[in-house]
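Values in this text are rule-based calculations from the coordinates and carry no lab data. In this text the structure is predicted, and so the values were computed from the model without any measurement. Don't worry about glycine lacking a Cβ; one is built from the backbone with ideal geometry, like all the others, and counts go over all protein chains shown.
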Amino acid sequence: MLEADEPERCTICGKALKDSDMVYFDHGDGGYVHSECAGDDRESFVDDEGNPLAEGDPLPKPFPYEA
Ligand SMILES: [Zn+2]
C-alpha cells in the first residue's frame, strides 16, 4: 500500500522529484522523468497521445514539476 506522502519518483533514475525539477511526462509508465534523464534522443519522445514523434515534429518541452 502506498503511503499518502510517498514522493513521485523519476521513472528512469528512481530519485524523488522535487518542486521545480524540470520533467517530462512519461506516457509509457504514467509518471514523470527528469529532463536530464530523458536525454535528447527524439526517438524516446512521444506526442501528447503517446505516439512516436513524426519527422519534423518539435521535441516536447520539459516543464517544472509541482509536488
Ligand atoms: Zn531522473
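Treating only the Cβ atoms of Lys and Arg (+1) and Asp and Glu (-1) as charged, compute the dipole magnitude of the chain about its Cα centre; round to the nearest 20 debye.
In debye, rounded to 20, the chain gives about 180.
Mind ordering 7-18, 46-57, 30-41 by average Cβ neighbours within 10 Å, highest first?
30-41, 7-18, 46-57
Over every pair of different alpha-carbon atoms in the chain, take the mean of 1/r and invert it; report that Kirkwood radius in Å.
12.6
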